[in-house]
Each structure stands twice: as structure tokens, then as C-alpha cells.
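The values are calculated or read from the model by the stated rules, or taken from the named source; none is laboratory data. Fair warning: this is a prediction, and the values are worked out from it, not measured in the lab. Cβ placement follows ideal geometry from the backbone for every residue including glycine, while neighbour counts extend to all protein chains displayed.
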């Protein structure tokens with residue numbers, strides 16, 4: 001057999017099917033007047049900590065549901081329990097990202113009509129989840145001050161698709177010697193139109209702006 | 001709505017479908033008397049270097065085909081060209097692993113009847129590809145002496161499923177201060193039944209054992 005080289009591009013087929021399912025999720029969410037956020041970051045950036053605080057502080061103000069994705073454990077769901085919000089843990093097995101079909105399955109556990117806001121915590125991973133639309137309205141990418149200011153440049157796909165970038169753990173920025181001007185500049189270069197928030201779930205710094213954002217976006221939806 | 005916690009396990013459904021497609025691939029490969037290897041490792045462990053050398057050295061002895069998976073580029077396919085073997089580059093887009101449906105698509109580019117051995121180079125990633133059966137006969141996990149001796153313990157799923165573990169870049173083991181006894185012990189603990197080979201694609205060290213393995217396994221198949 002002679003030497004030959006072919007290229008097979010499979011992402012179109014794979015992602016095409018996901019996009020179709022995501023559109024169905026989005027339609028369903030909108031029919032229920034539900035605002036949906038997809039929260040993405042590397043492992044350990046503080047997604048769960050921000051959710052814990054958000055559930056506590058918005059209790060009684062917005063009816064929130066949570067879907068949280070992890071490779072194996074349900075540790076994150078346990079952390080989020082007891083805060084007045086229903087929580088679904090999606091255990092992905094070997095899969096390193098959430099996809100639209102997983103969200104459709106998890107939706108069956110909720111009465112979507114009883115919710116104003118659905119917060120989806122993706123698997124901790126700055127690469128793969130970027131390619132999978134879940135049917136969300138808003139993509140939120142978190143990044144902690146401990147991760148180095150070059151992250152937006154090294155993971156451009158993730159950051160380019162962000163509607164909101166949340167810099168987390170601001171309370172320890174000085175202690176870890178974070179170069180905040182460089183970090184802000186790299187976010188601006190990679191995600192020029194994204195809203196940027198700087199918060200600390202521990203100290204509460206910057207959280208009012210995060211809550212304002214959630215409530216304003218939600219108010220654009222039918223009751 | 002009262003506080004509740006649910007767990008949705010999605011791996012069964014997802015992986016179930018993959019397993020089904022993998023079984024179909026395997027049937028097809030066996031019908032053609034084709035031995036199939038799935039080569040897995042972290043990025044930069046030397047999968048492509050081992051394949052380059054293998055294609056050169058077994059040219060005229062075994063009829064080899066190659067499928068190589070990458071997130072974006074076709075650099076690896078270019079490296080493997082011109083060595084007498086047909087090469088298919090699978091570009092996965094955002095997806096961090098090969099799955100059985102991608103292999104089925106790539107198979108269409110070959111005349112499987114004209115091959116003895118199919119070498120599939122997976123995406124460089126020690127996590128996700130472990131969960132996806134492609135229809136291979138043999139799983140080969142590569143690990144270079146530069147990666148640290150704790151890798152088998154940190155990525156147990158990948159190593160537990162290995163039929164063969166290949167320690168690569170042995171020619172620089174001393175220069176990088178690799179603790180080979182610890183590495184061998186950690187492989188034995190995680191993959192007790194796997195065959196372990198120690199090779200250098202650069203110096204040729206250990207390659208005869210690798211070629212013997214390929215030819216012996218292939219000889220168990222019908223001509």
C-alpha cells in the first residue's frame with residue numbers, strides 16, 4: 001500500500017449534535033423564564049466557594065437551582081446542600097466536561113417552573129468544557145489570583161467565549177504577589193467584551209456587583 | 001422549593017454507547033485479521049517518536065497503518081509520513097480524547113484488508129482517554145523518565161487499564177536523575193499484570209523487545 005495521509009475532522013459531527021441538544025435546553029429554559037449560567041474554571045479556582053456564598057446571600061431573593069459536575073465524587077453537592085436550593089450532582093465518570101445531554105438529564109430532577117436562576121458548575125478544566133454549549137445564557141469563567149497572570153493567553157478559547165470573567169480570591173492577591181495589572185490586561189486582550197468582576201467569597205469583596213449582575217440579568221426575563 | 005440533593009450518573013449512558021461502537025470496531029478489525037494498539041500518554045511522552053522509529057524499522061516486515069489524534073494540528077501526521085505506512089490524522093476539535101466513533105470514521109480511509117497492524121496514537125492526556133475503548137486489542141501506556149516516578153499513582157485509572165507500559169527516553173534517565181526503581185515499583189503496584197518495556201526511540205535501546213512483542217501478538221491472528 002502506498003504512503004498516504006488523510007485528515008478526518010470529527011469535531012463538527014460531535015459538536016453539531018451537542019449544539020442541537022443545547023438549543024433544545026435553551027428553549028426549555030426560556031419557556032420557564034429561567035436564567036442559566038455556566039461556571040467554568042480550572043480545578044480549585046473557587047467555583048464552589050462562590051456558589052456557597054451566593055446561595056446564602058441570595059436566599060429568599062432569587063429561587064436558585066444548582067447543577068454541579070464532577071468526574072467522580074459528590075463532594076461539591078454536599079458542600080452546597082442545606083442552603084435552601086435544590087442541588088443536582090452530575091457524576092461524569094471519565095468525562096472531563098459537561099455536555100448538553102447531561103444537563104437535559106439533570107433538568108428532569110427539577111421543577112424548572114419553580115426556579116428563577118440555574119447555576120451550572122462545570123467540571124474543573126480550562127480546555128474541554130469551552131467547546132460544549134449547555135444551553136446557558138451566560139458563560140462565566142473564574143480565575144483565581146493564585147493561578148498566574150498568563151492564563152487567559154494560554155487558554156484563549158475558554159476566555160474568548162466568556163461573557164463574564166470573575167477574578168477570585170482577591171483577599172489574598174497581595175499575599176501571593178499577584179500582578180493584577182498584568183492579569184487585567186491579559187483578560188482584556190483575550191476577552192475584550194467580557195464584563196470583569198473582582199471578588200473574594202471569603203471576605204465578601206466585590207460580591208454586591210456579582211449579585212447585582214445576577215438580579216439585573218434575571219429581571220430581563222418574564223416572571 | 002425545599003432543599004434536595006440528587007445524583008445523576010451519566011457515564012453509563014455515554015460510555016455505554018461508546019462501548020457498543022468499540023465492539024463493532026473490534027469485530028471489524030478481527031474480521032480483517034488486524035492487530036490494533038491504542039497508544040496513550042501525557043503530552044510529550046514520545047508517542048510519535050516511538051511510532052516514527054517503529055514505522056522505519058518494521059517497514060517490509062509488517063503492513064502498518066496509523067491513526068493519530070490531536071486537538072488541532074496535523075503536525076504528528078506530517079512527522080509520520082513518508083515511512084511506507086498510510087496515516088490518518090484525526091482532528092478532534094475541542095475534544096480531549098479519541099472515541100470509538102472517530103475511529104470508525106477514520107477506518108473508512110484505509111483498506112483494512114491490506115494491513116497487519118493498526119497503531120492508534122491517542123490525544124496526549126492521562127485522564128480522559130482512559131475511559132474510551134476504541135476497539136483495540138492492546139492498550140499501551142507510555143511514560144517518559146522525565147515525568148516523575150509518581151505518575152502511575154496519580155493517574156491510576158490510565159495505568160490500571162494498561163496491557164503494556166512503555167518507559168520512554170531511557171537514554172536520558174541518568175541525566176535527568178530519574179528514580180527508576182521507584183518508577184518500576186509504582187508501575188508494578190498500579191498495573192501488576194502489565195508487561196513493562198524500557199526503551200529509547202533515539203538510541204534504539206529496548207526496541208527489539210517492542211518489535212518482538214508486536215510481531216508475536218500479530219502472529220496469533222489469521223493471515
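Numbers at a glance
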{"item": "Test: residue B:116 is in contact with a helix residue (DSSP H, G or I) (Cβ under 9 Å, 6 or more places away or on another chain), more than 8 Å from chain A (Cβ to nearest Cβ) and surrounded by 18 or more Cβ atoms within 10 Å (Cβ to Cβ)", "result": "yes"}
{"item": "Number of the exception - residue B:76 against (1) surrounded by fewer than 23 Cβ atoms within 10 Å (Cβ to Cβ); (2) within 10 Å of another protein chain (Cβ to nearest Cβ); (3) free of Cβ contacts under 8 Å to residues at least 60 places away in the same chain; (4) assigned to a helix (DSSP H, G or I)", "result": "(2)"}
{"item": "Any hit, the range A:88-108, residues being out of contact with any helix residue (DSSP H, G or I) (no Cβ under 6 Å at 6 or more places or on another chain), farther than 21 Å from residue B:19 by Cβ and not in a helix (DSSP H, G or I)", "result": "yes"}
{"item": "Selection within the range A:186-199 - free of Cβ contacts under 8 Å to residues at least 12 places away in the same chain and surrounded by 14 or more Cβ atoms within 10 Å (Cβ to Cβ)", "result": "A:188"}
{"item": "Residue list for the range A:1-31, filter: at pLDDT 75 or above and either within 13 Å of another protein chain (Cβ to nearest Cβ) or exposed (fewer than 13 other Cβ atoms within 10 Å of the Cβ) (or both)", "result": "A:6, A:7, A:8, A:9, A:16, A:17, A:18, A:19, A:20, A:21, A:27, A:31"}
{"item": "Residue A:164 within 17 Å of the chain's Cα centre (by Cα) and either within 11 Å of chain B (Cβ to nearest Cβ) or free of Cβ contacts under 8 Å to residues at least 12 places away in the same chain (or both)", "result": "no"}
{"item": "Test: residue in the range A:191-206 that is in a helix (DSSP H, G or I), within 22 Å of residue A:145 (Cβ to Cβ) and at pLDDT 95 or above", "result": "no"}
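Residue-wise test of (1) within 23 Å of residue A:59 (Cα to Cα); (2) buried (at least 23 other Cβ atoms within 10 Å of the Cβ); (3) free of Cβ contacts under 8 Å to residues at least 40 places away in the same chain.
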site: A:103; (1), (2), (3): no, yes, no
site: A:126; (1), (2), (3): no, no, no
site: A:129; (1), (2), (3): no, yes, no
site: A:136; (1), (2), (3): yes, yes, no
site: A:148; (1), (2), (3): no, no, yes
site: A:160; (1), (2), (3): no, no, yes
